[in-house]
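One structure is given here, and the rest of the page talks about it.
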Amino acid sequence: MNHIKTFLLMVLLTVLLIFLGEALGGTQGLVLALGFAVVLNAGAYWFSDKLAVTMTRSKPATEQQAPEVYRALKELTHKEGLPMPRVFIMPTEQPNAFAAGPHPGKAVVSVTEGLRRILDYEELKGVIAHELAHIRNRDILISTIAAVMAGALTFIARIGMWGMMLGGNRGNNPIGGILQLAALIIVPIAAILIRMAVSRTREYQADATAAAMVGSSRGLASALEKMDSHARKRPLQVNEAASHMFIINPFSARKAANLFSTHPPIQQRVERLRNVQL
């Protein structure tokens with residue numbers, strides 16, 4: 001059911017992009033928006049891992065540099081029959097982690113220095129299992145496309161807004177002007193809400209899958225609580241376009257940002273984990 005919901009949300013994002021293009025540029029705008037959507041989705045597919053690593057300033061890590069991360073990955077990938085992802089380290093003290101890549105054979109897992117410092121092995125394994133769950137379910141590709149499409153909608157809406165402010169021709173049809181204004185206001189908001197829905201749904205599913213992989217929800221639940229507590233004191237300097245990829249909201253220290261967080265509340269995630277029947 002979650003896969004169907006996500007697919008429908010992604011279709012809606014594409015439709016919104018096309019609607020915005022048509023509202024701002026007529027038939028020509030519609031065609032351009034459709035071509036833009038195709039290019040964006042293709043780019044998100046082929047380069048999602050490189051984009052994620054670059055945006056977060058993650059660096060490749062050898063087994064000697066991160067032995068506990070490699071140990072957890074080897075145990076879990078062997079058990080689940082998954083390819084071994086490439087390992088990266090983010091040079092920051094906020095405890096966090098993310099996975100990226102278009103498919104399991106081209107995936108990366110990145111953890112922060114802070115995460116490695118504060119978690120014990122059981123907790124770390126729970127976090128790694130969560131990221132592998134995203135990889136196995138191909139959530140990382142869907143999340144990347146959602147972020148790229150939502151960003152494109154907002155970008156096009158801003159261009160349209162500047163065009164209207166500078167006296168762009170909307171024709172003599174007042175209905176057309178109303179549609180343009182509605183598109184500029186509603187479409188970017190809808191894109192943000194859709195991106196939030198995709199991300200929140202996937203986080204709950206990845207938590208449950210991780211608990212099943214490990215055979216216990218205790219480690220991940222404890223890790224989430226510990227990570228959230230530390231993250232509220234240590235803001236992460238990262239591109240906002242990449243925020244949805246992380247296991248917890250990297251902007252927890254910004255109180256206002258939580259209103260529009262792509263992540264469900266940690267307390268709800270922990271409660272669900274503790275109620276998981278294995």
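General observations
- Residue that is surrounded by the fewest Cβ atoms within 10 Å (Cβ to Cβ) [pool: residues in the range 248-265 that are modelled with pLDDT under 85 and not hydrophobic (A, V, I, L, M, F, W, C)]: LYS255
- Residue among ILE140, ILE159 that is of a type in the set (Val, Ile, Thr), under 27 Å from VAL87 (Cα atoms) and either modelled with pLDDT of 90 or more or outside any strand (DSSP E or B) (or both): ILE140
- Any hit, the range 71-80, residues being within 25 Å of LEU236 (Cα to Cα), of a type in the set (A, V, I, L, M) and out of contact with any Cys (no Cβ under 9 Å at 6 or more places or on another chain): yes
- Considering residues of the range 77-97 that are more than 18 Å from HIS244 (Cβ to Cβ) and in contact with a strand residue (DSSP E or B) (Cβ under 9 Å, 6 or more places away or on another chain) only, the residue surrounded by the most Cβ atoms within 10 Å (Cβ to Cβ): PRO85
- Matching residues, the range 215-247, being surrounded by fewer than 22 Cβ atoms within 10 Å (Cβ to Cβ), of a type outside the set (S, T, N, Q) and touching a residue at least 60 places away in the same chain (Cβ under 8 Å): GLY215, ARG218, LYS226, HIS230, ARG234, PRO235, VAL238, ALA241, ALA242
- The residue list ALA52, ALA100, ALA44 contains one member that is modelled with pLDDT under 70 and surrounded by 15 or more Cβ atoms within 10 Å (Cβ to Cβ), which is ALA44.
The values are calculated or read from the model by the stated rules, or taken from the named source; none is laboratory data. Remember, predicted model here, so these are calculated numbers, not experimental data. Counting neighbours? That spans all protein chains shown, and the Cβs are built from the backbone with ideal geometry, glycine included.
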